Every structure is written in structure tokens, then in C-alpha cells.
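Visitor: Take this structure first; my questions come after.
Each value in this text was obtained by applying a stated rule to the coordinates, not by laboratory testing. These numbers were taken from a predicted model, which means no experiment stands behind them. Note that we place each Cβ from the backbone using ideal geometry, even for glycine, and neighbour counts take in every protein chain shown.
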Amino acid sequence: MNDRTALVTGANKGIGKHIARLLAAEGLTVYVGARDAGRGQRAVEEIGAGARPLVLDVTDPDGIARAAAQVDRLDVLVNNAGVSLSPAPPAESDAEEFRRTYETNVFGVVEVTNAFLPALRRSPHPRIVNVSSGTASLAWSTNPNPQFTPGSGGAAAYRSSKAALNALTVFYAQTLAEEGFKVNALAPGLRATDLTPGAAAGGDPAEAARGALRLALLPDDGPTGGFFSWDATPVPW
Ligand SMILES: NC(=O)c1ccc[n+]([C@@H]2O[C@H](COP(=O)([O-])OP(=O)(O)OC[C@H]3O[C@@H](n4cnc5c(N)ncnc54)[C@H](OP(=O)(O)O)[C@@H]3O)[C@@H](O)[C@H]2O)c1
């Protein structure tokens with residue numbers, strides 16, 4: 001199975017670049033999705049063997065169609081590209097912040113997934129990994145838990161966008177189950193990347209990438225429609 005291919009969106013840096021590196025190390029040909037060609041090319045050169053550049057802005061439908069036309073068969077799609085624009089609670093956000101966040105984190109995932117479905121359907125074992133966030137868990141947000149203070153409604157646009165992504169994960173999984181797809185969401189844990197400036201407690205993004213790799217290479221009897229932490233623990237919705 002060394003002719004497998006993968007696409008990781010937003011793979012020019014952060015968690016996505018680590019996911020692309022791990023998939024390439026497993027012998028897959030990995031399309032390194034990047035909205036900027038130069039940043040994508042630099043990541044491809046850093047990753048080395050197996051990495052291929054693919055210009056892909058997940059908010060650009062025409063660009064997505066052009067990218068999809070370059071990929072014949074796809075075994076793994078990792079919807080990793082994401083933005084977090086502010087820590088504001090909803091009362092201090094505006095609809096425009098929600099729109100801009102959802103363009104990338106939700107609508108972009110729908111556009112990319114649907115555009116690459118024909119290529120995924122050519123795989124004998126198609127896998128989709130949606131990089132979500134533990135901060136999207138409504139169970140964790142409303143109950144005492146070690147991760148979040150109950151009732152703190154900050155980063156509302158980002159967290160609700162990832163909750164919508166979780167819903168999409170369930171619906172895609174249900175719709176595609178009979179075709180052999182495995183579609184799961186990943187909570188990578190707090191990681192030190194450009195998305196989390198000043199998060200001194202952020203862990204190693206490579207560790208989160210190993211959780212994505214596990215979901216990307218699930219066996220046929222593996223789960224679908226689930227939400228898993230980087231360490232494979234199920235996360236409550
Ligand atoms: N870091 C954490 O603690 C954490 C925790 C939970 C979940 N996550 C999730 O993990 C994923 C990766 O985040 P990260 O922490 O690695 O952040 P990051 O270092 O900021 O990387 C984000 C990536 O997404 C790309 N991107 C943003 N908008 C895009 C668009 N319209 N089209 C294509 N690519 C786009 C960025 O490209 P540019 O370089 O061009 O901006 C970059 O490659 C995100 O979905 C994030 O929500 C992260």
C-alpha cells in the first residue's frame with residue numbers, strides 16, 4: 001500500500017506540517033496544501049521525500065476546484081486549515097467575525113471535502129480527519145472539567161465553528177459509511193503554534209499530529225463519526 005496519497009490543508013506550518021511529515025514518513029505521497037505557493041514550497045522542501053505542493057486556499061472555490069483537478073485518487077484528507085480570530089465572547093463579537101471564522105473552519109471544509117470526494121471514492125479505504133478542538137466540546141464547556149472553566153464563553157466564533165465542524169463530522173460519517181469511509185474529528189490539545197500566541201503551556205504540535213496520523217490510517221474495523229483526543233481518548237461532544 002505504498003501508492004497511497006494524502007492531502008493536508010494548511011500544511012505549510014504548525015500542526016498541519018507535522019501531520020504531512022508523519023504521513024510522508026509512512027510512505028504516502030502527501031499533498032501539502034498551502035494558500036501561499038512560496039510557503040507551501042518551503043514546507044515541501046523541509047518535509048522532503050513524498051511531499052508535493054498543492055496551492056489551496058480553502059475559502060476560494062475556484063482554487064479548490066483547480067486543486068481537486070490535479071489529484072486523481074486520494075486515500076486521506078486531513079481538514080486541518082483553521083483560523084482563530086479573537087478570544088471574544090459572543091456579546092463582544094460581531095457577525096463579521098463569525099462569518100470570517102466560519103468561511104475557513106466550516107464552509108472551507110465542506111467545499112474541500114466535496115471537491116475531493118470523487119478522488120476519495122477511488123480509494124479502497126478512504127479516511128477523513130477533521131482537525132477540531134476540545135474547546136468545541138459543549139459537554140466540557142458546560143461541566144466542571146480539568147480543561148475549561150464552566151461558563152467561560154470566550155473565543156465564541158472559533159469554538160462554535162469547531163462545534164459545527166463536529167456536527168459535519170457526524171453527518172459526513174453517516175452519509176459515507178456504506179462506502180467504507182472513516183470520518184473522525186480530532187482534538188489536538190493546546191499546542192504552541194501561531195494560532196495560540198502567548199500560550200506558554202502549549203505542548204508539542206508533533207504530539208498532536210500523531211493523533212491525526214492514527215485517525216488517517218484507521219483499519220477498516222476502526223471507528224467513524226467519533227471525536228478523539230490526540231491520545232485516542234474519546235472526547236464528549
Ligand atoms: N494550536 C492549538 O493549540 C490548537 C488547538 C486546537 C485545535 N487546533 C486546530 O489545529 C489546526 C491547525 O492549527 P495550528 O495550531 O497548527 O495553527 P497555525 O500554525 O496557525 O496553522 C494554521 C494553518 O492553516 C492555514 N490556513 C489558514 N487559513 C487558510 C485558508 N483560508 N486556506 C488554506 N490554509 C489556511 C495557515 O496558512 P497560512 O500560513 O497561510 O496562514 C496555516 O498553514 C486548526 O484547525 C486549529 O483550529 C489548534
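Visitor: Among the listed residues Arg122, Arg210, identify the single one that is in contact with a His (Cβ under 9 Å, 6 or more places away or on another chain) and either in contact (Cβ under 8 Å) with a residue 60 or more places away in the chain or more than 11 Å from the ligand (Cβ to nearest atom) (or both).
Guide: Step by step, each of Arg122, Arg210 is checked, and only Arg210 is in contact with a His (Cβ under 9 Å, 6 or more places away or on another chain) and either in contact (Cβ under 8 Å) with a residue 60 or more places away in the chain or more than 11 Å from the ligand (Cβ to nearest atom) (or both).
Visitor: Suppose we filter Leu28, Leu74 for residues that are within 15 Å of Leu117 (Cβ to Cβ) and of a type in the set (A, V, I, L, M); which single one remains?
Guide: Leu74
Visitor: Taking Thr175 as the residue in question, decide whether it is farther than 19 Å from Arg127 by Cβ and hydroxyl-bearing (Ser, Thr, Tyr).
Guide: No.
Visitor: Of the conditions (1) among the polar types (S, T, N, Q); (2) more than 24 Å from Leu218 (Cα to Cα); (3) within 11 Å of the ligand (Cβ to nearest atom), Ser141 satisfies every one except a single condition; which number is it?
Guide: Against the list (1) among the polar types (S, T, N, Q); (2) more than 24 Å from Leu218 (Cα to Cα); (3) within 11 Å of the ligand (Cβ to nearest atom), Ser141 comes up short only on (3).
Visitor: Could you please find all residues in the stretch 42-57 being closer than 16 Å to Leu7 by Cβ and out of contact with any Leu (no Cβ under 7 Å at 6 or more places or on another chain)?
Guide: Ala43, Val44, Ile47, Ala51, Arg52, Pro53, Val55, Leu56, Asp57
Visitor: Show the residue pairs that are 6+ apart or on different chains and have beta-carbon atoms under 8 Å apart, the first residue being within the stretch 51-75 and under 14 Å from Val110 (Cα atoms), the second being more than 16 Å from the ligand (Cβ to nearest atom).
Guide: Ala68/Pro118; Ala68/Ala119
To keep it simple, each residue is scored yes or no on (1) under 19 Å from Asp72 (Cβ atoms); (2) in contact (Cβ under 8 Å) with a residue 24 or more places away in the chain.
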{"residue": "Ala6", "(1), (2)": "yes, yes"}
{"residue": "Gly10", "(1), (2)": "no, yes"}
{"residue": "Tyr31", "(1), (2)": "yes, yes"}
{"residue": "Gly38", "(1), (2)": "no, no"}
{"residue": "Arg42", "(1), (2)": "no, yes"}
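Visitor: Looking at (1) within 14 Å of the ligand (Cβ to nearest atom); (2) in a loop (DSSP other than H, G, I, E, B), which is the only condition Ser152 fails?
Guide: (1)
Visitor: Right, next: Being within 22 Å of Ala6 (Cβ to Cβ) and surrounded by fewer than 22 Cβ atoms within 10 Å (Cβ to Cβ): is that true of Ala206 here?
Guide: Yes; evaluated as a whole, the condition is true for this residue.
Visitor: Tell me, please, whether a residue that is part of a strand (DSSP E or B) and without any contact (Cβ under 8 Å) to a residue 60 or more places away in the chain can be found in the stretch 186-196.
Guide: yes
Visitor: Moving on. Which condition from (1) of a type in the set (Ser, Thr, Tyr); (2) surrounded by fewer than 17 Cβ atoms within 10 Å (Cβ to Cβ); (3) within 22 Å of Ala24 (Cα to Cα) is the one that Thr142 breaks?
Guide: Thr142 satisfies all of (1) of a type in the set (Ser, Thr, Tyr); (2) surrounded by fewer than 17 Cβ atoms within 10 Å (Cβ to Cβ); (3) within 22 Å of Ala24 (Cα to Cα) except (3).
Visitor: Quick one: is Arg99 within 20 Å of the chain's Cα centre (by Cα), among the basic types (Lys, Arg), surrounded by fewer than 24 Cβ atoms within 10 Å (Cβ to Cβ) and over 28 Å from Asp204 (Cα atoms)?
Guide: It is true that Arg99 is within 20 Å of the chain's Cα centre (by Cα), among the basic types (Lys, Arg), surrounded by fewer than 24 Cβ atoms within 10 Å (Cβ to Cβ) and over 28 Å from Asp204 (Cα atoms).
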